[in-house]
Each structure stands twice: as structure tokens, then as C-alpha cells.
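The values are calculated or read from the model by the stated rules, or taken from the named source; none is laboratory data. Only a predicted model underlies this, so the values are computations on that prediction, with no experimental measurement involved. Here the Cβ positions follow ideal geometry from the backbone for every residue, glycine too, while neighbour counts run over all protein chains shown. Ligands, DNA and RNA are excluded from the accessible area calculation, which covers all protein heavy atoms including side chains. Shrake-Rupley method; radii C 1.70, N 1.55, O 1.52, S 1.80 Å.
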Amino acid sequence: MTFSTLLLPSCALSILYLLTSIISRKISVSRFKSIHGCLDPPALPQRERIIGLDLLKAGAAAVKAKNSLECAVRRIESTANTFSNTIVGLNIITTVDPANIQSILAQKFSDYDLGGRIYAWGPLVGKGVFTSDGPEWAHRRAIIRPNFTKQQVASLDMFERHFGHLLALLPRDGSTVDLQKFFFSMTLDSATEFLFGQSVGAQGAGHDSEADHFQRAFDFAQHQMPDRNRLGIMNLFVPNAKFKAACKIVHAWADRYVEQWLSDRRTHKAQQSTGENSKYVCLEQIADQVHDPKQLRDEMLNVLLAGRDTTAGLLSNAFHVLSRHPDVWRRLRTEVETLRGRLPTYEDLKGLKYLKCVLNEVLRLYPPVPTNARCAKVDTMLPTGGGPLRTSPVFVPKGSIVVYSIYALHRRHDIFGRTAEDFIPERWSSDSFDGPLRPGWGYIPFSGGPRICVGQQYALTEASYTIVRMCQNFVELQSRDHGPWREGLGLTLCSGEGTKVGLVPV
Ligand code: HEM
């Protein structure tokens, strides 16, 4: 028997197998669709539906012009709240429908995973709560979560110390200052102290110091993330020496603290039991359960990645918008005056109702995580968005990416009214004409469902504390940037043009 006589039947068998697989897949998809009444959502107009080159080009141009989020809003307005498109052969469904988002994040949580996140973020932060799925993720979350109870978060001395460093660096002569840069350093200092027990000391760090190197490496690595997110598994094949070098610097810094803590462990524990050292350190608690130094480093870096830029972004955008709304600043100061100049306690912060409205509104208009996505692990469906009425369930084939834009969701007129694009903290007040807003799944700055942000209270406490202390120190906040707000997109959202203000001291 010759090679060619063997080849022929095996080719025929392979083709037959392929055809049967395609046909049986088509049958099972159409059965799924008919059982659940699924209809297709509108398709985004694109020149071809394989690579999506026109969409990729338009996306890159929007990122360059710092208005990709606004472009997404316009695209949704002109297409539908749920639509499909194809990029590099991938079926993508985009949605800003609260019912669909609730389905992805909560009701059908186990039908989805994080897709290629581990390939994009893994080299920097390894495997931890932010980059894993399934039982592994549940185990990690169970270890991390107890570190964010009220008791741990309510210790405000640390925030005061780092705010003190910030205050010392701010000009008091009204000259223009970019607060955003200071907020990124302050949140890096507080987060590293909370997590590792030692602040990196980024505030006021000299050029070329270790803190400066760490901050620059961490920032650089994070700014690579949008591109790395787009590449997904392809990151494995695209060399990036600068990114690798930045990861090395971050790892070396974190390893040092992990090793130091592991070697001083006995002393720390003894000091804690005698009450000599009452400072709360996340690393200490996590090290009780995670013994491998590399795993411990990864767990800590995952939380640092999740927590630092998000809080800095919230503060930067808050001061950006406050500097353009002197009336809101005045009202905030009046509320803060009830403290009569003393340092706020945790309970004081909780009682400042207008401050809460301001933060809600900043998180609505400038959500630090403005876009997110999940990948379907199995054939599943979204509850709404399909068919001519756009209300039928939508089939989501296994392997599809479902993208949800929090930025666009938070600007929906049917949820937030005709003034959805405007900054109006009062809309959150219980004294508002229509009563307080209750947007449910229409407002998700901290996400929702089983993966809801664990650091929400920590972030709100740090942001509230900083705003109160700024109110106590500055009577006026003058905007020194008269252009429109533009996005600053790394892994998270900040202000693209910084937060340029003039400060008038009390
Ligand atoms: C304004 C500040 C913050 C915002 C808007 C925010 C928002 C979010 C969002 C939207 C997610 C879900 C991401 C996803 O599922 O893909 C998330 C997850 C997470 N956040 Fe935050 N976050 C903030 C601050 C913090 C802080 C300060 C920490 C810790 C110090 C933190 C720790 C985490 C962790 C560990 C997760 C992963 C939870 C999991 O996957 O189970 N976040 N955050």
C-alpha cells in the first residue's frame, strides 16, 4: 500500500469529521436559540467581518486623540445598547444594558471568565485574585477579603501621614500645580504601606532614587496594559524588552519586602502580641496562608494593581471637575466646616452627605474602570438586546467576548435623565426633587456580583479623607486648564491633561 493510497482516505475522513462537526454545531446552536427565543442583536457596520481593520484603525485614532470613550458612547447611541462586531476573527458583543451586565457579572457569572487577562497582566503581577478564575480565584478572594473590613480601613492615621507629605509639597502662592501627579504618588505611598507595611516613599522622592525607579517602572508597565489587553494570548509572541525590564524592577522591590517580612516574621508577631506594633499590614495576614514567596508577591501586586491607580484616578478627576465648579467646592467646604477644623474620624466621613454625593457623581462621569470585558466559557445568552425590537435574548457563543462600557452606561439618558452628561452631585441627594437616584445595575463603578471590588471602602475612605483635608486647607480651587476634559487611559482612567489648578490657602 503506497503513501498516497493511505493519504486519500484519511483526508476524506478528516473532511467528513470537519463537516459533521460544523453541521452538529449548527444544529445545537439553532436548538439553543429556538429553546431560548434568541435573536441576533444589530451588527455594527464594518467593511469586512473578519479582521475588522476599519474598526481597529478608528479605535487607534480615537485612543491617540484621547477620546475613545466618547467615541464608544456615540457608537452605541448610533447603533444600539447591545450590538455585535468582529475583530480579528473574534465575535464581540458590546452592551450597556443593565440587565445584560447583571447577567454577565452575577446571574450567569459561572458562564464567563476573564479571557486573556492573565497573558496581558501576568508578567507584571503573576497569578492572583485579579488575574485568576474559577475555584482558584474563589480561594484567593477568600484570603484577600478579610483585609478590607471596616476595622482595617478605618485607621486614618496612615492617610493623614501621606496627606501631610502631599500638603507640604503643594504651592501656597497660587501658582499652577498638576495635582494628578501628586495623587498618583500619594496613593502609591499609602497602598504600599497598607499592603507591604512599608511605604515606597514616592512623595518627594529624588530623581533616580529607588522610589522613583519603582514608580516609573510600575507606571510604565501599567501604561502598556491597554495594548496588552488587545493582544491577549498574542502577547506570548510579541517581545517587549522595556516592559520586561519594568516588571523586573517592580518584582525586585516587592521581593525585598516579602523576604524581609518573612525573615522578621517572628519579631513582628511578638511585637503584635505585646501590642508594641499595632499597625495593620496586609502582607502579615496573607503570609499566614500563603507561604511561597513568589505567590505571596503576586497576591500583593495584584491588589496593588487593582487599588492604586483607581483611587488616584478618582481623586484626579474629582479635583479636575471641582476646580470647574466653584459652587460645589464652596458647598463642600461648608459641610466640612461642621468638623470645626479638627481631623475627620471615620464616622465623620460617613456623615458627610454632600461629599458622598460628589464622589458618587465623579465615579459616575469618570469611572476609574471605564470599560471591562468577559469571555464566554460555554454557549450562553444575554437576556435582552436581540431582534427588531431589541428586547429578545441574545445568543452568546462559547469563546465570544462580551464588552461592557461603564463610561457609556453611566451616561445613559434613560437612566440619568437629560442632564446625564452634566456634573450635578445633587442628583444623588435624598433632598432632590425626584428623591435619591437608585440606578441599580445602571451604576457600577465598583462592579457587582461575586467579583465586586474588595477595596471599595478603602478607596472611598482615602478619597473622602483627602477631599476633606483639602477643603480644610484651601479656600479656593482655580482651574488652570480651560480645554475640554480628555481621557487618560492606562489600565484605568484618569484625566488626560492632568489636574492643573491654582490653590488659594485658607
Ligand atoms: C475608586 C477606586 C476603585 C474603583 C473604581 C475600583 C473598581 C473595581 C472594579 C470595577 C473591579 C472589578 C474588576 C473586574 O471584575 O474585572 C475591582 C476589583 C477589585 N478591586 Fe477595586 N476599585 C477601586 C479601588 C480599589 C482599592 C483601593 C483596592 C485595594 C486596595 C481594590 C482592590 C480590588 C481587588 C482586589 C479587585 C479584584 C476582585 C476580584 O476579582 O475578586 N480596588 N475594582
Residue-ordered couplings for segment 231-238, obtained by feeding phi - 60° into the Karplus form 6.51 cos²θ - 1.76 cosθ + 1.60 and rounding to whole Hz (Gly and Pro as x), are 6, x, 5, 5, 3, 4, 10, 10
Counting only protein heavy atoms and leaving out ligands, DNA and RNA, the solvent-accessible surface of Tyr458 at a 1.4 Å probe, in Å² to the nearest 10, equals 20 Å²
Answer in debye to the nearest 20: the dipole magnitude of the chain about its Cα centre, from +1 Lys/Arg and -1 Asp/Glu charges placed on Cβ, is 1120 debye
Per DSSP, the loop-located trypsin sites (Lys or Arg not before Pro) within segment 17-54 having at most 11 other beta carbons within 10 Å are Arg47
Per the C-alpha gyration tensor (a ≥ b ≥ c, the square roots of its eigenvalues), segment 191-338 is rounded if a/c is under 1.5, else prolate if a/b beats b/c, else oblate; here it's oblate
So the angle from the long Cα axis of helix 293-323 to the longest Cα principal axis of the chain, reported in degrees to the nearest 10, equals 70 degrees
Carbon and sulfur atoms account, in whole percent of the 1.4 Å probe accessible area of the chain, for 59 percent
Per residue, accessible area of segment 337-484 with a 1.4 Å probe, heavy atoms of protein chains only, in Å², comes to 42 Å²
Bridge orientation stat for the chain from DSSP, antiparallel percent rounded to 5, came to 85 percent
By the Cα gyration tensor axes a ≥ b ≥ c (a/c under 1.5 gives rounded; else a/b larger than b/c gives prolate, otherwise oblate), the shape of segment 20-153 is oblate
Reported to the nearest 10 Å², Glu462 has, with a 1.4 Å probe, an accessible area equal to 0 Å²
Counting only protein heavy atoms and leaving out ligands, DNA and RNA, the solvent-accessible surface of Met234 at a 1.4 Å probe, in Å² to the nearest 10, equals 100 Å²
Long-range amide H partners of Val396, meaning residues 5 or more apart or on another chain whose placed amide H is closer than 5 Å, are Thr380, Met381, Leu382
Only helices counted: for the chain, with every DSSP H run of 4 or more residues adding -39500 (n - 2.57) and the sum spread over all residues, [θ] at 222 nm is -16500 deg cm²/dmol
Convex hull around the C-alpha positions of the chain: the volume in Å³ per residue is 187 Å³
Gyration tensor on Cα atoms of segment 382-506, a ≥ b ≥ c root eigenvalues, a/c under 1.5 rounded, else prolate if a/b beats b/c, else oblate, says prolate
